[in-house]
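Working notes, structure below.
The values are calculated or read from the model by the stated rules, or taken from the named source; none is laboratory data. Because the structure is a prediction, the values reported are computed rather than measured. All Cβ positions, glycine included, derive from the backbone under ideal geometry; neighbour counts span all protein chains shown.
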Amino acid sequence: MCRAVAELHEMGIVHGDLSSGNFLIHRGTKDVALIDFDSARMKGQLGPAVGNPDFIMEEVAIALEKKKTIKSQFKHDLYQLALCCYLVID
């Protein structure tokens, strides 16, 4: 999962909606596919706050509630990725 997000970030892309449902893991090979790029934007690009409410940072949740635009940032993806990793380990 981390490698998939790292590859996106190397290209300057913020996924914006990382959640456990957007990672597909093949049971046999453990290969990971990242899906649902509807919310993806280039780093720093302004746009509406997006994401699964169960997986977003507080600042994104506040912007989402107030229907504000925010700059897409890697830290938003990293927060969501950490939650996904926690769920996989738990």
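Please go through segment 68-90 and pick out each residue that is of a type in the set (A, V, I, L, M, F, W, C) and more than 14 Å from F55 (Cβ to Cβ). Scanning segment 68-90 gives I70, F74, I89. Among the residues of segment 12-22, are any at pLDDT 95 or above, β-branched (V, I, T) and buried (at least 19 other Cβ atoms within 10 Å of the Cβ)? Yes. Residues that are hydrophobic (A, V, I, L, M, F, W, C), more than 15 Å from G51 (Cβ to Cβ) and part of a loop (DSSP other than H, G, I, E, B) within segment 11-25 comprise just one, M11. Please determine whether any residue of segment 26-34 is of a type outside the set (A, V, I, L, M) and part of a helix (DSSP H, G or I). Checked segment 26-34: no residue is of a type outside the set (A, V, I, L, M) and part of a helix (DSSP H, G or I).
Of the residues making up segment 44-56, at least one is touching a Cys at 6+ places or on another chain (Cβ under 9 Å) and either part of a helix (DSSP H, G or I) or within 22 Å of M11 (Cβ to Cβ) (or both).
Conditions (1) modelled with pLDDT of 95 or more; (2) small (G, A, S), marked per residue:
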residue	(1), (2)
R27	no, no
L34	yes, no
L78	yes, no
A82	yes, yes
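For segment 57-67, taking the residues that are of a type outside the set (G, A, S) and part of a helix (DSSP H, G or I), the one that is nearest to G12 (Cα to Cα) is identified as V60.
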